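First the structure, in the form of structure tokens, and then the observations on it.
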Amino acid sequence: MDLQEQLANRLSLFLLLIFCGSCSFSENTLQLNFSETTIDLNKNIVVYNNVPYSGNIYAFYPNSSDTLWSRSYKEGLKQGVWKKYFSNGKLQESRRFDIGKKEGDYLGYYNDGSKNFIFQFKNGEYNGTNKVWTKGGALVEEANFKAGYEQGVQKRWYLNGKIKSNYIIKNNRRYGLLGTKNCITVSDSIKKS
């Protein structure tokens, strides 16, 4: 790696720390560039140098000093705010973990900065109102959850704005329009002579 790349990486890391800094870690938090480590992020407990990892890990887009994502861990578990970016530098996703479990709002954006989705979590499970929008800003899904299960009003729309499904979950039963298609019986589909 030449001096210019090293400076660009250090500048990117510095900006990343300022932009994505988390109050849950001290100034001495270990920072790792994912491409320069052999750390396995797919394990339940992330280990680095035979010790559960605490610190931030970041990755750059290939052949670039633009940040692809940043993640934080505490004692090997997912912890704090995780962010992912588009190649244009705009935020693509932001989510939070607490002791390895998804917590709070998981936000997604289109590359122009408009909203794509919001999913709400509590203790690692869907909890709250989840919404999905088209790139043009039309709401196409609104689903309510409690402790990981659908509860209350659930709505979905076609891209033209017409209702696709609209039902309620009450006492573990579903009531309402489930996204039905026009029914055609076999006898209706046979042409009569």
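Restricting attention to segment 152-160, does a residue exist that is of a type in the set (Ser, Thr, Tyr), exposed (fewer than 15 other Cβ atoms within 10 Å of the Cβ) and closer than 24 Å to Arg96 by Cβ? There is no residue in segment 152-160 that is of a type in the set (Ser, Thr, Tyr), exposed (fewer than 15 other Cβ atoms within 10 Å of the Cβ) and closer than 24 Å to Arg96 by Cβ.
Test Lys43 against the criterion of being part of a strand (DSSP E or B) and closer than 30 Å to Asn130 by Cα, and give yes or no. No.
Under the condition of being closer than 22 Å to Tyr158 by Cα and not hydrophobic (A, V, I, L, M, F, W, C), the residues counted in segment 82-133 number 9.
Can we say Tyr109 is aromatic (Phe, Trp, Tyr) and assigned by TED's automatic domain parsing to the domain that holds Phe34?
No, not satisfied.
Of the residues making up segment 150-177, those that are within 23 Å of Lys122 (Cα to Cα) and either outside the structural domain of Val140 (by TED's automatic domain parsing) or of a type outside the set (Lys, Arg) (or both) are Glu150, Gln151, Gly152, Val153, Gln154, Ile168, Ile169, Asn171, Asn172. Out of curiosity, is Gly113 small (Gly, Ala, Ser), within 16 Å of the chain's Cα centre (by Cα) and on the phi > 0 side of the Ramachandran plot? Yes, satisfied.
The values are calculated or read from the model by the stated rules, or taken from the named source; none is laboratory data. Note that the coordinates shown come from a computational prediction; the quantities given were computed from them, not determined experimentally. Neighbour counts run over all protein chains shown; Cβ positions are idealised from the backbone, glycine included.
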